[in-house]
Amino acid sequence: SYFTYILFSDRLDKFYIGHTKDLERRLNEHNSGLSKSTKSGLPWKIVYTKSFSSKSEAYAFERKIKSMKSRKSIIDLIDSQ
């Protein structure tokens with residue numbers, strides 16, 4: 001399975017949205033500073049995950065979340081989990 005995930009950085013008070021096949025490996029990459037876009041917000045914690053049977057579904061859902069553009073919409077999605 002594939003996952004769409006939302007990470008949160010207390011340090012930056014920001015969310016990061018992505019998708020992956022291996023959630024644990026991906027979180028380790030973010031928290032090891034290997035991802036340029038999340039390097040400054042260490043440490044990151046997973047606040048939302050949703051699983052999909054295909055990579056294309058996970059990516060489509062990632063794009064949908066990113067298109068929401070509103071912090072409140074993302075928080076509502078996390079709270080509905």
Which whole-Hz couplings ³J(HN,Hα) result when phi for each residue of segment 68-81 is put into the Karplus expression 6.51 cos²θ - 1.76 cosθ + 1.60, θ = phi - 60°, listed in order with x for Gly and Pro?
4, 6, 10, 4, 4, 4, 5, 5, 4, 5, 4, 5, 7, 5
So how far, in whole Å, is the C-alpha centre of segment 55-81 from the one of segment 1-44?
15 Å
Within the accessible area of the chain, what % is carbon and sulfur when the probe is 1.4 Å and the other protein chains stay in place?
50 percent
Evaluate the charge dipole of the chain about its Cα centre and quote only its size in Debye, nearest 20, assuming +1 on the Cβ of each Lys and Arg and -1 on the Cβ of each Asp and Glu.
300 debye
Leading residue at positive end of dipole, the chain (Cβ point charges), from Ser40, Tyr2, Ile75
Ser40
How much accessible area per residue does the chain have, in Å², with a 1.4 Å probe?
63 Å²
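The values are calculated or read from the model by the stated rules, or taken from the named source; none is laboratory data. Since the structure is predicted, the reported quantities are computational estimates derived from the model, not experimental observations. So basically every Cβ, Gly included, is an ideal-geometry build from the backbone, and we count neighbours across all protein chains shown. The area values use the complete protein model at the heavy-atom level, side chains included, leaving out ligands, DNA and RNA. Shrake-Rupley method; radii C 1.70, N 1.55, O 1.52, S 1.80 Å.
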